[in-house]
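Novice: Below is the structure I would like to discuss, written out as structure tokens.
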Amino acid sequence: MSNTAVGVPVELRGVRAPFDVERIRADFPILRRQVRGRALTYLDNAATTQKPQQVLDALIGYYTTCNANVHRGVHFLSEIATEAHEVARGKVRAFLNAASTREIVFTRNSTEGINLVAHAFGRWRVNAGDEIVITAMEHHSNIVPWQLLCEERGARLRIAPIDDSGALILDELEALLTPRTKLLSVTHMSNALGTVNPIATIVRMHAVCRCWSTDRRPRITCRSTSGRWTATSTWRRDTSCTVRRGSACYMGGSRCWRRCRRFSAAGT
Ligand SMILES: Cc1ncc(COP(=O)(O)O)c(C=O)c1O
């Protein structure tokens, strides 16, 4: 094995350090439990995630020092609870690389989050003849809200198929993405198959949109990455895109989330 000047084997350059399972496990006190004489193995994280010591400490710290109404009180504890809440929102924004903290809405679980989008964005933007695309590897929480929305709005639910190895058939998914598509909702990793979907490729696949204007009326042209379709429409103030002239169009930006936040008292 040859070494580079900085001592990293050539073969390992660009390769991430292996995931240190033991170091991560050590953060989770519940994993020290013995179950029927063996160390606990826990795999149901999508349903209920175990908490590392850092989270348990933060929870105890919060309830013992500053538990109070967030955004709904004017006393000392409420102010520091609100500040802690907003600091956490900022950290989540940075972690997700979201454009603004206005796009971060806390919900109790993923089903509530998806229902929130279905009710707020869906009832606002999805109409008869529109389509919503999901994949054949989705959990119920990412199927039922869309079935109910399509039934209510007269829209159509399209399902991208998987192959015999459990991989998403990307060509078929792309063929389902047309100007009628109002929303694509896809899991990053399937709990049933273990398949990891190429989310970055899928996001790029959707469309490349440009905003332009000839007669002071902004227009958007969207073209699928494969070039299969193009669509042009006038941009109105209530459109779900946040657009700057000449820039790429980002679907479902803060304008959309503002609606979500107005819709739900549960999402904060
Ligand atoms: C794979 C998977 N996705 C989503 C969910 C829904 O999760 P939540 O309870 O956060 O709505 C579950 C719940 O069991 C799940 O197992």
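The values are calculated or read from the model by the stated rules, or taken from the named source; none is laboratory data. Everything numeric in this text was worked out from a predicted model, so none of it was measured. No Cβ is skipped: glycine too gets one built from the backbone with ideal geometry, and neighbour counts run over all protein chains shown.
Novice: Scan the stretch 105-138 for residues that are more than 16 Å from the ligand (Cβ to nearest atom), in a strand (DSSP E or B) and touching a Leu at 6+ places or on another chain (Cβ under 7 Å) and jot them down. Step through it out loud before you land on a result.
Specialist: As a first pass, look at the stretch 105-138 and keep what is more than 16 Å from the ligand (Cβ to nearest atom): 120-133.
Retained after the next criterion (residues that are in a strand (DSSP E or B)): 131-133.
Result: Ile132, Val133.
Novice: Consider the stretch 29-57. How many of its residues are of a type in the set (Val, Ile, Thr) and closer than 24 Å to Glu112 by Cα?
Specialist: Taking the stretch 29-57 and keeping what is of a type in the set (Val, Ile, Thr), we get 30, 35, 41, 48-49, 55.
Cutting the leftovers down to closer than 24 Å to Glu112 by Cα gives us 48-49, 55.
Of the residues in that region, 3 qualify.
Novice: Being loosely packed, with under 14 Cβ neighbours inside 10 Å, more than 16 Å from the ligand (Cβ to nearest atom), over 30 Å from Arg32 (Cβ atoms) and not aromatic (Phe, Trp, Tyr) is the requirement here; does His85 meet it? Break it down into steps so the answer makes sense when it comes.
Specialist: Values: loosely packed, with under 14 Cβ neighbours inside 10 Å: no; more than 16 Å from the ligand (Cβ to nearest atom): yes; over 30 Å from Arg32 (Cβ atoms): yes; not aromatic (Phe, Trp, Tyr): yes.
No: the conditions fail for His85.
Novice: Here's another thing I want to ask about it. What are the residues in the stretch 176-198 that are out of contact with any helix residue (DSSP H, G or I) (no Cβ under 8 Å at 6 or more places or on another chain) and either within 13 Å of the ligand (Cβ to nearest atom) or part of a loop (DSSP other than H, G, I, E, B) (or both), if any?
Specialist: Correct list: Thr178, Pro179, Arg180, Met189, Ser190, Asn191, Ala192, Leu193, Gly194, Thr195, Asn197.
Novice: Something else about it: So Asn115 ticks every box in (1) under 30 Å from Ala155 (Cβ atoms); (2) modelled with pLDDT under 95 but one. Which box is left unticked?
Specialist: Only one criterion is unmet by Asn115, namely (2).
Yes/no matrix, rows are residues, columns are (1) at pLDDT 95 or above; (2) of a type in the set (Lys, Arg); (3) in a helix (DSSP H, G or I); (4) more than 16 Å from the ligand (Cβ to nearest atom):
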{"position": "Cys150", "(1), (2), (3), (4)": "yes, no, yes, yes"}
{"position": "Arg158", "(1), (2), (3), (4)": "yes, yes, no, yes"}
{"position": "Gly166", "(1), (2), (3), (4)": "yes, no, no, no"}
{"position": "Glu172", "(1), (2), (3), (4)": "no, no, yes, yes"}
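Novice: Just the residues that are among the polar types (S, T, N, Q) and over 22 Å from Ser110 (Cα atoms), please, taken from the stretch 182-210. Reasoning before the result, please.
Specialist: Pass one, the stretch 182-210, residues among the polar types (S, T, N, Q): 185, 187, 190-191, 195, 197, 201.
The one that is among the polar types (S, T, N, Q) and over 22 Å from Ser110 (Cα atoms): Thr201.
Novice: I would also like to ask the following. Looking at the stretch 160-177, can you tell me whether even one residue there is surrounded by fewer than 17 Cβ atoms within 10 Å (Cβ to Cβ) and within 27 Å of Thr49 (Cα to Cα)?
Specialist: Of the stretch 160-177, the ones surrounded by fewer than 17 Cβ atoms within 10 Å (Cβ to Cβ) are 161, 163-167, 169-172, 175.
Retained after the next criterion (residues that are within 27 Å of Thr49 (Cα to Cα)): 166-167.
Yes: the stretch 160-177 contains one or more residues that are surrounded by fewer than 17 Cβ atoms within 10 Å (Cβ to Cβ) and within 27 Å of Thr49 (Cα to Cα).
Novice: Cβ contacts < 8 Å: first residue over 25 Å from Ala81 (Cα atoms), restricted to the stretch 35-62; second residue assigned to a strand (DSSP E or B), any location; separation 6+ or different chain. Result?
Specialist: Qualifying pairs under 8 Å: Leu40/Gln34.
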